[in-house]
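Report on one structure; see the data block that follows.
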Amino acid sequence: MTNATSAEPWGAFDLLTTLVLVVRPLGAVIFANAAFEDQMRLSRRSAQRQSLFDWVADAPRWRESLEAVHLNRVAASRFESQLLRAPHDEPMPVLVLVSAGAGPDELLVEMIEATQQTRQEREERSLSQVLASKDLIRNLAHEIKNPLGGLRGAAQLLALELGNDRGLTEYTDVIVHEADRLQLLVDRLLAPHRHAPEVSDVNIHEICERVRSLLLVEHPKGLSVRRDYDISLPDFRGDREQLIQAALNIAQNAAQVMEPQMARGEPAEIVFRTRVARQVTLGKQRWKLALELHIEDNGPGVPAELRDRIFLPLVSGREGGTGLGLHLAQTIVQAHQGLIDCESAVGRTSFRITLPLP
């Protein structure tokens, strides 16, 4: 018996999004498909040197199921379990199906992420919300701009008529100032739609390093920014400056939310983590490879009542926030055929940017 069995007979399993293993009855791994490699953050060769029981939370249940199928007590075994992933990743709940393999000492283990359907529905809902709000914002911004310009111009003419009467020109100064502030808000709303993307070769780690340096300049004390890069990720085509802005908006939000922690002298950390993903669906289109940029923080988390709305414009959980940063980030990423999603709890919030690779 050897774990060096060729992967060729099971190559079709690499096309599946479900996690698939071919194992021996005692748990030795013969084959791991690409989806399993991606979720477990390890190579197929590494997987073949380990036992299935190294990654599961309830090994006795797994041993019992493998034995029952191997001895033909049951045709298949179905149960729920958890996969233990990399140290920084939460255990992944899965629905497990164990059945007989093609050979006499082979068992087929299929695992479907229990939250996969929920995540897909959430991503589709987020995509629909942002697309629906995009046209609304563009039309609303244009409707605001024209009367806003007239209001500002009228206030300036009135100020000229009033001359040196400072008591009254203070009011016109307020009108001009507020008109300028609203103009700036409208310009930010329209920014992603005004300019065609300047497409070039982009390296995701150059983007991360640029954002990291900007964060540390803005928060020189109390903030730690850690890197966890997969250096094998290739360059891709995109607008470098827009993607920097998208990542910066997310990271700045995290840093600003953690400012009270920094003021109290408590640890405040942001992590940039890059990974490769395989067989990813983005906007109903299937991609063989994609990159994932996780921007994680150990802040207080996103309020529960905002989690389904954080990418909508003018929605903010921070006092004084405009509610535009995450919306603009999502708009930029969607223009690159990607998507941003968020998982949040107290002490750990992770924004995941997923972008297709050529």
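The values are calculated or read from the model by the stated rules, or taken from the named source; none is laboratory data. All values derive from a computational prediction rather than experimental measurement. Because the Cβ atoms are built from the backbone with ideal geometry, glycine has one as well, and the counts that use them run over all protein chains shown. Protein only, heavy atoms only, side chains kept; ligands, DNA and RNA dropped before computing areas. Shrake-Rupley method; radii C 1.70, N 1.55, O 1.52, S 1.80 Å.
How many nm separate the modelled label positions at Ala75 and Ile231, each set 7 Å beyond the Cα in the direction of the Cβ?
5.2 nm
Hey, can you find the accessible area per residue of the range 232-273 for me, probe 1.4 Å, expressed in square angstrom?
Computed with neighbouring chains in place, this is 42 Å² per residue.
For the full complex of protein chains and a 1.4 angstrom probe, list Phe272, Phe311 by accessible area with the highest value first.
Highest to lowest solvent-accessible surface, that is Phe311, Phe272.
If you take the alpha carbon radius of gyration of the range 172-292 and divide it by 2.2 N^0.38 Å, what ratio comes out, to two decimals?
1.34
Beta carbons within 10 angstrom, averaged per residue: use that to sort the peptides 226-237, 19-30, highest first.
Result, highest mean Cβ count within 10 Å first: 19-30, 226-237.
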